[in-house]
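For reference, the structure discussed in these notes is given below.
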Amino acid sequence: MKTKLGSSENQKEDHNTSLSLLDLPELTLECILDRLSPAGLCAMAGVCSSFRDRCTSDHLWGKHMEQKWGKVIGDSAYREWQWHIASKMKPRNLMDRSNQKSFIGSVSKICPFLCRFSFKPRAENCGNQLKKSDLPVDSIMARYLALETGEFWFPAQVYNRENGHAGFMLSCYDAKLSYDSKTDTFQARYSPHGRRTTEENISWDRLRAPPVDTCSYDLHISDSLVDLKPGDHIEIQWRKTKEFPYGWWYGVVGHMESCDGNENHCRCQYTDTVMLEFKQYPASSRWQKTAINRKDHREVGNEADGFYGGIRKLYKEEEISMWKRLWPNQVLE
């Protein structure tokens with residue numbers, strides 16, 4: 001009877017014992033955390049030290065980074081981030097006392113209730129507890145928060161800059177960008193050469209990560225000149241003067257004036273000269289056509305017509321379709 005009674009009491013105690021998420025199998029817990037939004041991960045990170053370590057891991061935040069920022073964050077933005085965090089290496093991480101307020105403020109912008117219910121009640125112990133987690137400044141979570149809150153100005157390219165100003169139609173220029181989560185738009189700072197220009201309310205569909213790793217003041221080394229033939233879609237560097245940065249301008253490869261365009265007789269692909277056409281301009285415009293040397297192409301042009309630089313042949317339909325969507329409603333003068 002004592003044995004049975006003791007067994008019954010143990011069962012009762014076990015029945016009343018509460019379970020937590022941490023008691024779940026590892027795979028099940030990972031599946032749950034993997035389905036949380038960035039705000040959800042931030043909230044869970046404030047529950048306890050164990051969840052803080054799990055919910056700040058690169059493994060979980062890498063997916064969110066790719067889903068939201070993958071199309072606009074390229075190699076140049078990553079290098080800029082490395083420089084950005086280098087300036088924060090004293091102290092070395094976001095959880096040091098001098099950076100603690102900044103980190104919590106960033107988190108609160110995408111998860112306001114986190115600070116109210118998780119951090120503030122433990123304010124006296126917050127510094128010591130957070131130091132244990134040591135979230136590195138170069139973690140993916142830190143990068144995501146810096147982008148989301150607009151703290152990090154990252155390099156990318158903007159189509160049809162300055163709200164589609166006629167002088168920039170069908171072009172794409174380098175800029176430094178900052179995100180505004182309230183409006184889901186961006187602010188841009190363009191090159192300081194010439195007149196300093198900023199632009200606000202830029203939508204996601206006007207941005208892209210730089211397709212090539214070439215500075216906007218350097219000539220891009222073209223690797224597709226030999227393959228260019230009539231009908232190919234291209235982007236070419238162009239700048240007004242040699243003091244200005246290059247922008248990328250959309251065009252197509254056309255036929256030589258001596259060619260009638262008949263595919264059966266066309267030999268344009270085998271000539272040393274390549275004719276480029278920019279059909280957004282009328283035939284009377286000096287910017288409607290330009291010719292380059294296929295074998296020895298360098299920057300060509302003058303102060304009146306501008307300077308043409310390196311060429312990219314467009315292979316992806318996604319890139320070509322983007323330019324077509326940006327096509328102006330009328331021919332530019």
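In the list GLU303, GLU235, GLU263, which residue meets the criterion of being at pLDDT 95 or above and either on the phi < 0 side of the Ramachandran plot or of a type in the set (Gly, Ala, Ser) (or both)?
One residue alone meets the criteria, GLU235.
Mind checking whether some residue in the range 122-142 is at pLDDT below 70 and touching a Gly at 6+ places or on another chain (Cβ under 7 Å)?
no
Six or more apart or on different chains, Cβ under 7 Å: which pairs go from a residue in the range 213-228 that's within 26 Å of ILE73 (Cβ to Cβ) to one that's surrounded by 19 or more Cβ atoms within 10 Å (Cβ to Cβ) and of a type in the set (Asp, Glu)? Could you list them?
SER216/ASP174
Sort through TYR250, TYR246, TYR270 and tell me the only one that's aromatic (Phe, Trp, Tyr), out of contact with any Gly (no Cβ under 9 Å at 6 or more places or on another chain) and closer than 29 Å to ARG196 by Cβ.
TYR250
Can you say whether ASN262 is closer than 15 Å to SER224 by Cα, open to solvent by 20 Å² or more (accessible area, probe 1.4 Å) and without any contact (Cβ under 8 Å) to a residue 24 or more places away in the chain, as far as the supplied structure shows?
Criteria not met by ASN262.
Any chance the range 270-277 includes a residue that's assigned to a loop (DSSP other than H, G, I, E, B), more than 27 Å from TYR159 (Cα to Cα), out of contact with any helix residue (DSSP H, G or I) (no Cβ under 8 Å at 6 or more places or on another chain) and open to solvent by less than 70 Å² (accessible area, probe 1.4 Å)?
Yes, the range 270-277 contains at least one residue that is assigned to a loop (DSSP other than H, G, I, E, B), more than 27 Å from TYR159 (Cα to Cα), out of contact with any helix residue (DSSP H, G or I) (no Cβ under 8 Å at 6 or more places or on another chain) and open to solvent by less than 70 Å² (accessible area, probe 1.4 Å).
When residues of the range 248-269 are filtered for being out of contact with any His (no Cβ under 9 Å at 6 or more places or on another chain), more than 23 Å from HIS220 (Cα to Cα) and not in a loop (DSSP other than H, G, I, E, B), how many remain?
0
Of all residues in the range 304-321, count the ones that are part of a helix (DSSP H, G or I) and open to solvent by 20 Å² or more (accessible area, probe 1.4 Å).
So the count comes out to 4.
Determine which single condition PRO245 fails, assuming it passes every other condition in (1) open to solvent by less than 40 Å² (accessible area, probe 1.4 Å); (2) at pLDDT 95 or above.
For PRO245, the exception is condition (2).
The values are calculated or read from the model by the stated rules, or taken from the named source; none is laboratory data. Not measured: the values here are computed from a predicted model. Ideal geometry is used to build each Cβ from the backbone, glycine not excepted, and the neighbour counts take in all protein chains shown. In case anyone asks, the SASA skips ligands and DNA or RNA and just uses the protein heavy atoms, side chains included. Shrake-Rupley method; radii C 1.70, N 1.55, O 1.52, S 1.80 Å.
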